[in-house]
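The values are calculated or read from the model by the stated rules, or taken from the named source; none is laboratory data. In this text, all values refer to a predicted model and were calculated from it rather than measured experimentally. Neighbour counts are summed over all protein chains in view; Cβ atoms, including those assigned to glycine, are modelled from backbone coordinates with ideal geometry. Accessible surface areas use protein heavy atoms only, side chains included; no ligands, DNA or RNA. Shrake-Rupley method; radii C 1.70, N 1.55, O 1.52, S 1.80 Å.
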Amino acid sequence: MQHGPAVRRRKLGEELRSLRHASGLTSRDAARILGWHQSKVSRIETGVSGVRPADVTRLLDTYGVDDTQLRDLLATLAGSAGGGGTGWWHAYRGLIPPQYRDFISLESQARTARTLETSVVPGLLQTADYARAVTRASLDGLPAGQLDSLVEVRLARQGVLRTDPPLRLSAVLDEAVLRREVGGRRVMREQLRHLTRVAQLPHVQLQLLPFSVGGHAGLTGPFVIFSFPSTSDLDVVVLDHLTSSLYLERKEDLEAYSSAFRTMQAHALSPEHSLDLIATIDRDGQ
């Protein structure tokens, strides 16, 4: 199984090698300019070792990379790949595992996220009470203080929908997600109404897969596809499990999951009709 930091190191290294080639420098040239051993450049480019954001900045300066978005992205990925980091989520490092911190880092730098959910509302679209109920159910026996902190993390993640520019989110939810009462009727009613509000944001597209669709590719489990500004070479699929996450980076995997997502979008209700179904589900629960 490949975890986020290892994937980030390798993909970051591949991108840095590509930028070096584009600059016309050899690894020996780059090492000489920076005063490093050539082996250090090689270890970074092959993902064998992590690289500090400051060293990424020096490499990009050496390669003449002026693209601000790309520079910020690669420096942040260096932090999530084992070279340090200063994102807000690092304040919770004693509470959330490295895989979750890496996921949040990817989410914070992504240009778009495409997510399929078959059991719960995506974290970026959850209310506080719904998040609390989901967390309590999945981590039974968690002390109240830790529960509160995990809910704080979940809500803080939603800041990506309010940044400038915001994350562009496309979500396909199975109807079962909204029919399942998590936290009781009051919690679900507010969650449904929250979805209705958020779905009307210009950078959020929400579609529902009604039960009438029958079987579909998403029945094998939820996934998220992150795409990044400036380069598609860093795009990644994340399959989330109860205790870990699997990161898929091969082009074949990205193409397969992107194709599956497009298919499910085609089978799902339009955003407008999805809002109608949410209203129907809300009425049915009264």
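Inside segment 117-167, can you point out the residues that are assigned to a helix (DSSP H, G or I) and among the polar types (S, T, N, Q)? Selection gives THR135, SER138, GLN146, SER149, GLN158.
Anything in segment 250-286 that is of a type in the set (Val, Ile, Thr) and either on the phi > 0 side of the Ramachandran plot or open to solvent by less than 50 Å² (accessible area, probe 1.4 Å) (or both)? List them, or say none.
ILE278, THR280, ILE281
Close Cβ contacts (under 6 Å, 6 or more residues apart or on different chains) running from residues in segment 51-68 that are among the aromatic types (Phe, Trp, Tyr) to residues that are open to solvent by 40 Å² or more (accessible area, probe 1.4 Å) comprise TYR63/SER23. Within segment 109-124, is even one residue touching an Asp or Glu at 6+ places or on another chain (Cβ under 8 Å), farther than 25 Å from THR196 by Cβ and touching a residue at least 24 places away in the same chain (Cβ under 8 Å)? Within segment 109-124, one or more residues are touching an Asp or Glu at 6+ places or on another chain (Cβ under 8 Å), farther than 25 Å from THR196 by Cβ and touching a residue at least 24 places away in the same chain (Cβ under 8 Å).
In segment 15-33, which residue that is among the hydroxyl-bearing types (Ser, Thr, Tyr) and outside any loop (DSSP other than H, G, I, E, B) is most open to solvent (accessible area, probe 1.4 Å)? Working first, answer last.
To start, the set of residues in segment 15-33 that are among the hydroxyl-bearing types (Ser, Thr, Tyr) comprises 18, 23, 26-27.
Next cut, outside any loop (DSSP other than H, G, I, E, B) only: 18, 23, 27.
Details: SER18: 61, SER23: 45, SER27: 21 Å².
Among them, the one singled out is SER18.
Within segment 194-212, the set of residues being open to solvent by 80 Å² or more (accessible area, probe 1.4 Å) and under 24 Å from the mean Cα position of the chain (by Cα) comprises ARG197, GLN200, PRO202.
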